[in-house]
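Q: Pasting a structure here, questions to come.
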Amino acid sequence: MTQKEILLAYFYNNRCRLEEEVKQLQSNLRFRKVDITDCLELICAIQRLETFKEVSRHVMAILKI
């Protein structure tokens with residue numbers, strides 16, 4: 001496996017994990033009584049996902065992948 005493939009696998013696996021976390025937290029909001037902690041957890045998870053997507057796009061642009 002080349003370094004490029006390792007990096008792409010890292011981006012893919014982490015993005016999938018973060019997307020799954022957001023889906024799970026959204027599901028929690030649908031099926032139980034919502035409190036402020038649930039909302040804050042979802043906000044943080046969405047922000048982590050968006051930040052990861054932006055940083056990975058920048059890294060790929062820099063490395064011309």
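The values are calculated or read from the model by the stated rules, or taken from the named source; none is laboratory data. Just so you know, these numbers come straight off a predicted model, no measurement behind them. Positions of Cβ are generated from backbone atoms using ideal geometry, with glycine treated the same way; all protein chains shown enter the neighbour counts. Heavy atoms of the whole protein, side chains included, go into the accessibility calculation; ligands, DNA and RNA do not. Shrake-Rupley method; radii C 1.70, N 1.55, O 1.52, S 1.80 Å.
Q: Cβ-Cβ under 9 Å, sequence separation 6+ or interchain: first residue in the range 32-54 and in contact (Cβ under 8 Å) with a residue 12 or more places away in the chain, partner of a type in the set (Lys, Arg). Which pairs?
A: Within 9 Å, the pairs are Asp38/Arg32; Leu49/Arg15; Phe52/Arg15; Lys53/Arg15.
Q: Oh, and also: Take the range 1-23 and flag every residue that is assigned to a helix (DSSP H, G or I) and either over 30 Å from Asp38 (Cβ atoms) or among the basic types (Lys, Arg) (or both). Show your work before the answer.
A: Applying the first criterion (assigned to a helix (DSSP H, G or I)) to the range 1-23 yields 3-23.
Answer for the range 1-23, where residues must be assigned to a helix (DSSP H, G or I) and either over 30 Å from Asp38 (Cβ atoms) or among the basic types (Lys, Arg) (or both): Gln3, Lys4, Glu5, Ile6, Leu7, Leu8, Ala9, Arg15, Arg17, Lys23.
Q: Which condition from (1) among the aliphatic types (A, V, I, L, M); (2) open to solvent by less than 90 Å² (accessible area, probe 1.4 Å); (3) at pLDDT below 95 is the one that Met1 breaks?
A: Met1 satisfies all of (1) among the aliphatic types (A, V, I, L, M); (2) open to solvent by less than 90 Å² (accessible area, probe 1.4 Å); (3) at pLDDT below 95 except (2).
Q: Scan the range 27-48 for residues that are open to solvent by less than 100 Å² (accessible area, probe 1.4 Å) and assigned to a helix (DSSP H, G or I) and report the count.
A: 12
Q: Which residue pairs have Cβ atoms under 7 Å apart, sit 6 or more places apart or on different chains, and have a first residue in the range 5-31 that is free of Cβ contacts under 8 Å to residues at least 60 places away in the same chain and closer than 16 Å to Leu49 by Cα and a second that is in a helix (DSSP H, G or I) and among the aromatic types (Phe, Trp, Tyr)?
A: Every condition considered, the pairs that remain are Asn14/Phe52; Arg15/Phe52; Leu18/Phe52.
Q: I need the full set of residues from the range 55-65 which are open to solvent by 50 Å² or more (accessible area, probe 1.4 Å), touching a residue at least 24 places away in the same chain (Cβ under 8 Å) and not β-branched (Val, Ile, Thr), in order please. If you could, list the steps in order and put the result at the bottom.
A: Step one: list which residues in the range 55-65 are open to solvent by 50 Å² or more (accessible area, probe 1.4 Å), which gives 55, 57-58, 60-65.
When the remaining residues are screened for being touching a residue at least 24 places away in the same chain (Cβ under 8 Å), the result is 60, 63, 65.
Of everything in the range 55-65, those that are open to solvent by 50 Å² or more (accessible area, probe 1.4 Å), touching a residue at least 24 places away in the same chain (Cβ under 8 Å) and not β-branched (Val, Ile, Thr) turn out to be Met60, Leu63.
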